[in-house]
Amino acid sequence: MKEDSTDHKETNEQKLHKIASELLHTEKAYVARLHLLDQEFCAKLMEEANKGTFPVEVVKSIFSNISSIHTFHSQFLLPALGKRMEEWSSTPRIGDILQKLTPFLKMYAEYVRNFDNAMEVLKHWTDRSLQFKAIIQESLEACGNLTLQHHMLEPVQRVPRYEMLLKDYLKKLPQNDPDRRDAEKSLEIISTAATHSNSAIRKSENLKKLMEIYEMLGEEEDIVHASNEFIKEGHLLKLAARNTSAMERYLFLFNNMLLYCVPKFSLAGSKYSVRTRIGIEGMTVRETHNEDYPHTFQVSGKERTLELQASSEQDKASWIKAFQETIKTFQQKNDSFKNALKDVEEVSVTELGKRAPRWIRDNEVTMCMKCHEPFNALTRRRHHCRACGYVVCWKCSDYKVGLEYDGDKLNKVCKDCHSILKGNGIAEARKKGILEIEASQFADHSIICGFLQYSEKSKPWQRIWCIIPEKEGVVLYLYGAPQDVRAQCTIPLLGYSVDDSPKPTDLPASFRLSQSKSVHNFAAESEELKQRWLKFIRVAVKGEIPEQKKTSERLNTTTH
């Protein structure tokens with residue numbers, strides 16, 4: 001029995017070694033791909049953009065923070081994995097390495113969030129600029145002729161790959177193994193990051209499908225929108241209400257509507273025209289029984305009721321299930337909005353409109369607190385919602401409703417409050433991305449926060465609100481103002497070089513963070529404040545999270 005146990009243990013150790021080896025092997029291949037993106041595609045396009053051939057911002061908007069991702073993997077994660085595999089006989093574990101470095105995977109959130117926009121910009125400039133297209137084509141020939149879009153999808157797909165390997169590693173790892181705790185912590189962080197990546201992959205595929213449907217409908221229906229999610233499509237027969245005839249129809253089911261279409265023969269290439277849009281809200285579906293037509297069911301919505309015939313009993317069951325699941329999901333979301341009211345600060349459903357809210361001050365925000373578009377003096381000015389007190393733009397406040405605290409007089413309110421006060425709930429919710437964390441959430445949980453002057457490369461200086469949160473002590477968040485609901489950008493500090501040597505053109509008390517071609521310039525209001533910031537930043541760039549031994553030692557440089 002003892003020999004069998006030993007044999008089993010040795011086999012298990014071999015499996016763990018195999019998983020660790022696969023992680024290293026795939027990491028090497030991944031770093032090679034990142035090198036292509038950063039040093040081949042991005043660098044060559046940036047070189048041409050600096051000549052004025054096309055805007056520099058175009059290249060930045062396509063490749064986002066790929067240089068930071070490349071630096072992290074090539075200079076930190078890959079060397080650490082390589083060294084560990086050399087020492088495997090004495091230190092057979094990977095959880096400790098991943099537990100230390102996986103917090104930096106949060107930098108993927110910015111890349112993932114920008115992915116859809118990057119694909120659109122890439123397509124636009126490939127079609128518009130011959131020089132742009134030629135540079136990409138030249139680089140593609142040097143790397144196997146796979147499309148640039150294919151290479152750019154690699155970072156989105158990489159994090160779910162880590163999740164899969166680590167889950168397999170934990171299955172083989174004994175419960176009492178000293179590496180289990182670190183490996184489990186790593187998996188928790190990676191799973192969160194993988195959720196964003198998987199979501200981006202699905203979103204990219206969904207938008208591609210929406211574009212195909214848009215073209216099938218003759219580019220006349222406004223359906224290519226992030227809030228529309230494709231569910232199902234197919235041919236069905238529609239039974240006439242007055243007689244026993246049946247007509248061929250085509251249905252497109254989305255998360256929020258059903259498009260009831262008729263075949264269309266056109267030289268333009270479109271296949272269908274929309275006869276009716278039926279909203280999912282209030283929709284019902286049920287089986288029906290017709291002596292002349294088998295496999296029938298009924299879809300009833302506010303706009304229209306349809307009796308439809310499927311091609312088989314299996315096809316009917318598939319459609320009914322799709323409708324039922326879509327209706328259930330829609331209702332659950334709508335109910336949760338009515339109950340939770342997470343978008344309304346400090347005001348409950350029972351109090352909304354019954355008492356005057358606390359107004360957020362104009363100078364505490366730089367963007368609309370609903371749609372996140374930046375304010376300006378001409379086309380997007382500040383307005384206050386009279387129900388929740390948020391500062392919003394004119395588009396998001398173009399609603400009126402009677403408020404009890406003002407004698408039921410009509411007042412301008414934001415879209416969400418209007419929907420709530422009318423009893424409809426909030427129209428749509430979504431998970432907040434890493435940039436969409438409100439600055440105020442970090443106010444009491446930051447290692448250091450305060451105003452700094454900021455300039456990227458040679459751009460004009462601007463006063464911004466900077467925060468290094470306690471939970472993410474290796475990430476610097478940049479906000480336009482302390483109450484902004486969305487960060488302008490985040491800087492993963494790992495691997496950045498810190499330079500505080502004075503330069504003639506710099507502001508007093510300035511310092512610089514640089515990595516590859518990225519240069520971020522900062523200036524504090526005094527030399528003392530500058531040194532406080534540098535104390536924490538110099539720790540973070542080494543991959544260590546700055547810690548405070550006592551709460552009283554936390555620094556909040558909230559100088560205004």
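Sort 57-69, 399-411 by packing, meaning the average of other beta carbons within 10 Å per residue, with the highest value first.
Values: 57-69: 20.3, 399-411: 14.4.
Final packing ranking: 57-69, 399-411.
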Order by protection proxy (mean Cβ within 10 Å, highest first), peptides 499-508, 159-168: 159-168, 499-508
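Report the calculated FRET efficiency for Lys28 and Asp406 (r = Cβ-Cβ distance, R0 = 56 Å), to the nearest 0.05.
On the way: r = 66 Å, r/R0 = 1.17.
Taking R0 as 56 Å, the efficiency between Lys28 and Asp406 is 0.30.
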Suppose the chain between His124 and Arg358 were pulled fully straight at 0.36 nm per residue; how much longer would it get relative to their current alpha carbon spacing? 79.8 nm
Could you give the length gained on full extension between Ser518 and Asn176, defined as 0.36 nm per residue of separation minus the Cα-Cα distance, in nm? 118.7 nm
R0 of 51 Å, Cβ-Cβ distance Gln75-Arg286: FRET efficiency to nearest 0.05: 0.25
Between Met257 and residues 5 or more places away or on another chain, which pairs have amide H atoms under 5 Å apart, with H built 1.01 Å from N, and which residues are they? Ile280
Taking 0.36 nm per residue of separation between Arg381 and Thr276 and subtracting their Cα-Cα distance, the length gained on full extension comes to 34.0 nm
Expected vector for the stretch 15-26, Karplus 3J(HN,Hα) from phi with 6.51, -1.76, 1.60 and θ = phi - 60°, integer Hz, x for Gly and Pro, equals 5, 5, 5, 5, 5, 4, 5, 5, 4, 5, 4, 5
Show me, for the stretch 170-175, the HN-Hα J-couplings you get by feeding each phi into the Karplus relation (A = 6.51, B = -1.76, C = 1.60, θ = phi - 60°), rounded to Hz, glycine and proline as x. 5, 5, 8, 7, x, 4
In nanometres, what is the gap between the two model label sites at Ala240 and Glu154, each 7 Å from Cα along Cα-to-Cβ? 6.0 nm
Violating pairs (Cα-Cα greater than 22 angstrom) within the set Lys457/Lys503; Lys209/Lys238; Lys302/Lys333; Lys209/Lys232; Lys232/Lys302; Lys238/Lys333: Lys209/Lys238; Lys238/Lys333
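Each value in this text was obtained by applying a stated rule to the coordinates, not by laboratory testing. For clarity, every value in this text was computed on a predicted model and none was experimentally measured. We place every Cβ from the backbone using ideal geometry, glycine too, and count neighbours over all the protein chains shown.
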